[in-house]
Amino acid sequence: MFIERSAARIRLVRTLFVLLAVLPCAGLCGWAAVRHSKGHRETIERRFEQVIGLPLAIGGVEYVRPNVMRLRDCRLSAASGAVVLAAPAIEVESLESELRITLGRLDCTPELARVLAGLARDWLRQPARFPVDCVVDVDDFSWRPRQAAVAEGTQPAERGTARTVARSLHVECVAANGSRAVRVRRNGEVGQPHSQSPDEVRVVAGGLADAVGEGVALHSDGNRPMELDQGLAEGLEVTGTITEPLPIAIFEALVGLEAGALPLGEEAFVSGTIGAVVDAGLARGSARGRLERIDLAAASLHLSHRVSGEAVLAIDKLEWSRGRITACECQCSVSRGRVSQRLLDACVSALGCRPGPAYRSLAREEVRGFDDASALFRLDSSGLDLRAAPERGGSLARAQGLSILDEPPVAAPLDRLAWLLAPPGAVAVPASRSTAWLLGFFTIDVPGGQAVRPLRRSEF
């Protein structure tokens, strides 16, 4: 049977097929090729590098769903060129006014902590560089205070020598009504979602009085809004609680200190609470805390007196104003260790401590061994009040059941602390505003080949 065909209809169908099928398919394939090309990946790298300010290498880019990218094999380098973060996958969700970043696991080293703390400070100070809010979630987060040397291509999670308990981490960088805030919260242990940890640090910058007075919450993650304290019109407010001990190397990096600025030993940990306000470069606030596993040999390395042993320092009260300590109450206990006879002599001459029955050894040793030491310190404008623990009968340090050093009968003036740490033969200089101003014009040589820098008038 003959079937009549129209040439016009055939051309129309072919044209529609090309327009509605072939061209869209070719466009989709071209779009996919561009999205998976090296040039597109390098464009994303440059975009993130402009914001972060550090080199970032991305192995691949996947588009999981609308507005969500999964970045594969990411490597973030510090300014020195060393890789501080290597993550197999990072999910980035871009919303109109918010950027959400999700990581599966992150072992934070001191180097990475220093980089992240610097980014947080930049976020607070540079709103034009960071125009949108940012929320970061890490499912498995832990501190790694030390790491061994690594070969090229090794993941940081595989190279560390110590890892703390893994917990999830939630970070919020938010802005509202002229205020900018960063909140960092560690949740319960991994595998125990209902276990909550009160560890949280919050830093707020900018004018907060209007925002808080109107009851505006800066951000809510679905659980509870971020609450701000009233009374801070400008400057920086820091509040935090750390119950799980934080490695001292991580603490130095987070607060912006140089590595080794707190020479307390590699095994030292810190925990506690803090509330402070920084305004015009001067700080006021209070803190309570606990320093554990202090290596006294490392702490006294640059002092004229030598001590060894492991110490625990419990700070019951620490208050400061305009950058100076105004009150301090703490308890210190030391396990078995050794102390130089020079330090014992300095405690007697400078602080007024009383020699005990075992003050000097029969062999006249320059370095003495002791079984334990414990003391209570109370420091304020009136001086230093040094006392032994109540159950020790006035003994600050003991050896073989005998007291080496007993508590002083009265408090010592604050200037005696300088004499306690001064090396033998130190030059005596009267301390006053006028002498500090005068000495600011000179350089004073000190033992060891170093020199005291001139004082600025703003420092006294």
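The values are calculated or read from the model by the stated rules, or taken from the named source; none is laboratory data. Note that the structure is predicted; figures quoted are calculated from it, not measured. When we count neighbours, we look across all protein chains shown, and the Cβ atoms used for this are built from the backbone with ideal geometry, even at glycine. The accessibility values were calculated without ligands, DNA or RNA, using every heavy atom of the protein model including side chains. Shrake-Rupley method; radii C 1.70, N 1.55, O 1.52, S 1.80 Å.
Answer yes if at least one residue in region 282-302 is over 19 Å from residue 384 (Cβ atoms), at pLDDT below 90 and part of a strand (DSSP E or B), and no otherwise. Taking every residue of region 282-302 in turn, at least one turns out to be over 19 Å from residue 384 (Cβ atoms), at pLDDT below 90 and part of a strand (DSSP E or B). Close contacts from region 272-293, counting a first residue that is more than 22 Å from residue 249 (Cβ to Cβ) and a second that is among the acidic types (Asp, Glu), with Cβ to Cβ under 6 Å and a gap of 6+ residues or different chains, come to 277/237; 286/319. Of the residues making up region 56-74, not a single one is open to solvent by 70 Å² or more (accessible area, probe 1.4 Å), touching a Phe, Trp or Tyr at 6+ places or on another chain (Cβ under 9 Å) and in a strand (DSSP E or B).
Has region 4-15 got at least one residue that is at pLDDT 85 or above and among the acidic types (Asp, Glu)?
At the first step, the residues of region 4-15 found to be at pLDDT 85 or above are none.
No, that holds for no residue.
What do you reckon, is residue 372 within 23 Å of residue 418 (Cα to Cα) and touching a residue at least 12 places away in the same chain (Cβ under 8 Å)?
no
For region 18-76, the set of residues classified as at pLDDT below 85 and small (Gly, Ala, Ser) consists of 21, 26, 27, 30, 32, 33, 37, 39, listed by residue number.
For region 416-438, a residue qualifies if it is in contact (Cβ under 8 Å) with a residue 24 or more places away in the chain and either open to solvent by 70 Å² or more (accessible area, probe 1.4 Å) or under 22 Å from residue 381 (Cα atoms) (or both), and the qualifying residues are 416, 417, 419, 420, 421, 422, 424, 433, 436.
If a residue must be open to solvent by less than 90 Å² (accessible area, probe 1.4 Å) and over 20 Å from residue 392 (Cα atoms), how many such residues does region 324-364 contain?
Our first condition is that a residue be open to solvent by less than 90 Å² (accessible area, probe 1.4 Å); within region 324-364, this holds for 326-335, 337, 339-341, 343-353, 355-356, 358-359, 361, 363.
Checking which are over 20 Å from residue 392 (Cα atoms) leaves us with 326-328, 340-341, 343, 345-346, 349-350, 361, 363.
The number of residues fulfilling the criteria is 12.
I'd like to verify a number: residues in region 391-415 that are touching a residue at least 24 places away in the same chain (Cβ under 8 Å) and open to solvent by 80 Å² or more (accessible area, probe 1.4 Å), how many? So the count comes out to 4. Here's a check for you: in region 308-338, which residue that is basic (Lys, Arg) and not in a loop (DSSP other than H, G, I, E, B) is farthest from the chain's Cα centre (by Cα)? Among residues in region 308-338 that are basic (Lys, Arg) and not in a loop (DSSP other than H, G, I, E, B), the one farthest from the chain's Cα centre (by Cα) is 338.
Residue-wise test of (1) touching a Pro at 6+ places or on another chain (Cβ under 7 Å); (2) exposed (fewer than 14 other Cβ atoms within 10 Å of the Cβ).
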| site | (1), (2) |
| --- | --- |
| 20 | no, yes |
| 23 | no, yes |
| 77 | yes, no |
| 83 | no, no |
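With respect to the conditions (1) in a strand (DSSP E or B); (2) open to solvent by 30 Å² or more (accessible area, probe 1.4 Å), residue 106 lacks only one, and its number is (2).
Note on region 255-305: among residues that are of a type in the set (Lys, Arg) and under 18 Å from the mean Cα position of the chain (by Cα), the one that is farthest from residue 335 (Cα to Cα) is 288.
Looking only at region 387-394, decide whether some residue is aliphatic (A, V, I, L, M) and either within 19 Å of residue 300 (Cα to Cα) or within 35 Å of the chain's Cα centre (by Cα) (or both). Don't jump to the end; show me each part of the working.
Restricting attention to region 387-394, the residues satisfying the condition of being aliphatic (A, V, I, L, M) are 388-389.
Then drop every residue that is not either within 19 Å of residue 300 (Cα to Cα) or within 35 Å of the chain's Cα centre (by Cα) (or both), which leaves 388-389.
Yes, because at least one residue in region 387-394 is aliphatic (A, V, I, L, M) and either within 19 Å of residue 300 (Cα to Cα) or within 35 Å of the chain's Cα centre (by Cα) (or both).
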